[in-house]
Amino acid sequence: MADQKVVIVTGAGSGIGRATAAVFANAGYAVVLNGRTKEKLEQSADQLDSNNALIVVGDVSKSEDVSALIQSTIEAFGRIDVLVNNAGVAVFNSLDNITLDEFQNGLAVNVNGPFMAIKAALPHLEKTRGAIVNVSSVSGIGGDWGGFAYNTTKGALNLMTKGLALDLAPRGIRINAVAPSLTVTDMSKGVVSNEHLMEKFKNRMPMKRAAKPEEVADVIFYLASEKAQFVNGVIMPVDGGLSASNGQPNMMG
């Protein structure tokens, strides 16, 4: 259907990306699933309540793959209404031990990837007066022990979001970001399965648990929807109240 809205979700093979694809499919969107592993994307597509899903295998850190993603979407559906930049890598290491390649890979995926996707999709989003949602992190709002490299990438993504919100609004395009805290995904399974680490998280998180991917996906969908048509340049925490704290310990318990 020519009038069916179209969403691109990068990193759609699991976790937040898979849940986001499902939310948009349930709302009647044609969904383009992008990621590096075909088998995972096929598993995500199989779970969609949609007959209009397109799998495009590719690495968002490679310009040719990003160009192919946008071109394949237009060839299949003729339009782009929403771009969700979800693909990301975690980069945790000390300054003493991290290599330049590790640092640059984090930037390539978490910063260059969204930049290239936004730039390539721009003329199509302008036609539909579309929306962009970047998947950032609370790690882009404050620092993590051993996570300065990851903090760097997500902090850059947050300010990219804010800067582009100013530039793209006159062209009819809104851009926002979500900033989840710990979420149950493949990337976080080493933390979620570690009882000692989870106790540390529970001590800091008012809701005492990790987020479900669907809980983040629902906020992504809201930010892309017409219900958020006057929301632009926001970094929306989806963190169970983590960022509500000033960082001091609980002195009442």
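If a residue has to be part of a loop (DSSP other than H, G, I, E, B) and at pLDDT below 95 to count, how many in the range 226-245 make the cut?
4
Looking at (1) polar (S, T, N, Q); (2) under 22 Å from V91 (Cα atoms); (3) crowded, with 19+ Cβ neighbours inside 10 Å, which is the one condition that is false for S193?
Tallying (1) polar (S, T, N, Q); (2) under 22 Å from V91 (Cα atoms); (3) crowded, with 19+ Cβ neighbours inside 10 Å, S193 fails exactly one: (3).
Which is out of contact with any Leu (no Cβ under 8 Å at 6 or more places or on another chain), β-branched (V, I, T) and buried (at least 19 other Cβ atoms within 10 Å of the Cβ), of V111, V133, V91, V178?
V91
Going through the range 206-225 one residue at a time, which ones are at pLDDT below 95 and β-branched (V, I, T)?
none
When you look at L122, is it surrounded by 14 or more Cβ atoms within 10 Å (Cβ to Cβ) and assigned to a strand (DSSP E or B), yes or no?
no
Looking for something β-branched (V, I, T), out of contact with any helix residue (DSSP H, G or I) (no Cβ under 6 Å at 6 or more places or on another chain), surrounded by 16 or more Cβ atoms within 10 Å (Cβ to Cβ) and closer than 19 Å to V84 by Cα - is there at least one such residue anywhere in the range 152-171?
Scanning the range 152-171, I find at least one residue that is β-branched (V, I, T), out of contact with any helix residue (DSSP H, G or I) (no Cβ under 6 Å at 6 or more places or on another chain), surrounded by 16 or more Cβ atoms within 10 Å (Cβ to Cβ) and closer than 19 Å to V84 by Cα, so the answer is yes.
Within the range 1-30, track down each residue that is crowded, with 24+ Cβ neighbours inside 10 Å and free of Cβ contacts under 8 Å to residues at least 40 places away in the same chain.
G13, A21
Would the range 201-209 turn up any residue that is on the phi < 0 side of the Ramachandran plot and in contact with a Leu (Cβ under 6 Å, 6 or more places away or on another chain)?
yes
Just for the range 60-70: of the residues that are out of contact with any strand residue (DSSP E or B) (no Cβ under 9 Å at 6 or more places or on another chain) and without any contact (Cβ under 8 Å) to a residue 24 or more places away in the chain, which one is nearest to T10 (Cα to Cα)?
Looking at residues that are out of contact with any strand residue (DSSP E or B) (no Cβ under 9 Å at 6 or more places or on another chain) and without any contact (Cβ under 8 Å) to a residue 24 or more places away in the chain, I get K62.
Taking the range 125-142 as the region of interest, how many residues are over 21 Å from F230 (Cα atoms) and assigned to a loop (DSSP other than H, G, I, E, B)?
Count: 3.
Under the condition of being within 29 Å of L166 (Cβ to Cβ) and aromatic (F, W, Y), which residue from the range 196-253 is surrounded by the fewest Cβ atoms within 10 Å (Cβ to Cβ)?
Top of the filtered list is F230.
Give me the pairs: first residue in the range 153-167 and more than 14 Å from A131 (Cα to Cα), second residue among the acidic types (D, E) and not in a helix (DSSP H, G or I), beta-carbon distance under 9 Å, and six or more apart or on different chains, which are they?
Listed pairs, sorted by first residue: none to list.
Kindly check whether there is at least one residue in the range 61-73 that is of a type in the set (S, T, N, Q), in contact with a Ser or Thr (Cβ under 6 Å, 6 or more places away or on another chain), crowded, with 18+ Cβ neighbours inside 10 Å and within 24 Å of F148 (Cβ to Cβ).
no
The values are calculated or read from the model by the stated rules, or taken from the named source; none is laboratory data. In this text the structure is predicted, and so the values were computed from the model without any measurement. Here the Cβ is made from the backbone with ideal geometry for all residues, glycine too, and neighbour counts use every protein chain on show.
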